[in-house]
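Participant: Below is the structure I would like to discuss, written out as structure tokens.
Any read-out appearing in this document is the output of simple, stated calculations on the displayed coordinates, not a laboratory observation. For clarity, every value in this text was computed on a predicted model and none was experimentally measured. Reconstructed Cβ throughout: ideal geometry from the backbone, glycine too, with neighbour counts over all protein chains shown.
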Amino acid sequence: MGNIKKLDPEINPETVFDGRGGIFTFYPVKGPIVEWSYIVTLKGTQRGHHYHPEFDEHVMFVEGEGIYFELHKDGTETPVPVTAGTSLYIPKGTPHTFIPMADCKMIALITKKWNECDTPIISADEKIRNGNL
């Protein structure tokens, strides 16, 4: 894996053994988290081919499955499979795209408010084609 990192949860055993389910805690790689969004991405669509120059992003998958791809300067892509419960850290400046294999619901948490960014999102397509990422 490249810059995108899958995060492993801390599992409180008492919450599993008590028979009600479980509590799985994730810690941000970088923070503080200042904004979060509920995102729905439907099968047959995609989100991405972009990067965020001003903030880090944490993504928690609530439902569905798919593949995140980290896009590289040489045109290659590193696949990162995701399912419900997967948590990712995507550092600022990391080009990425998401292809859902089923309808997906996720929570995205970011380290700078979107509306306070000069440029919250930049398409990676042109820079990838020119090898300038």
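Participant: Hey, of (i) 55, 31, 24; (ii) 49, 37, 25; (iii) 50, 34, 25, which did the structure itself give for Cα extents along the principal axes in Å when calculated?
Facilitator: Correct label, based on the coordinates given: (i).
Participant: OK, next. Would you please name the trypsin sites (Lys or Arg not before Pro) within segment 68-111 that are DSSP coil residues with at most 14 other C-beta atoms within 10 Å of their C-beta? Please list the in-between numbers first.
Facilitator: Numbers: sites: Lys73, Lys92, Lys105; in loops: Lys73, Lys92.
Here the sparse-neighbourhood loop sites are Lys73.
Participant: Also, quick follow-up: Short version: ³J(HN,Hα) in whole Hz for each residue of segment 15-25, in order, from phi by Karplus 6.51 cos²θ - 1.76 cosθ + 1.60 (θ = phi - 60°), x for Gly and Pro, what are they?
Facilitator: Per residue, the Karplus-derived 3J(HN,Hα) values read 6, 8, 6, 7, x, 9, x, x, 10, 10, 9 Hz.
Participant: Sticking with this one: Using the Karplus curve 6.51 cos²θ - 1.76 cosθ + 1.60 with θ = phi - 60°, work out ³J(HN,Hα) for each residue of segment 86-100 in order, rounded to whole Hz, and write x for Gly and Pro.
Facilitator: Going residue by residue, I get 6, 10, 10, 10, 10, x, 4, x, 8, x, 8, 8, 10, 10, x Hz, with x marking Gly and Pro.
Participant: Near Lys105, which lysines are there with a Cα under 20 Å away, not counting those fewer than 8 places off in the same chain?
Facilitator: Qualifying lysines at Cα under 20 Å: Lys5, Lys6, Lys43.
Participant: Calculate for the chain the 222 nm mean residue ellipticity that helices alone would give, adding -39,500 (n - 2.57) per DSSP H run of length 4 or more and normalising by residue count, nearest 500 deg cm²/dmol.
Facilitator: Details: 2 runs with 11 residues, N = 133.
Rounded to the nearest 500, it is -1500 deg cm²/dmol.
Participant: Please rank Arg47, Arg20, fewest neighbouring Cβ atoms within 10 Å first, as an exposure proxy. Walk me through the intermediate numbers first.
Facilitator: Numbers: Arg47 18, Arg20 8.
Neighbour counts put them in this order, fewest first: Arg20, Arg47.
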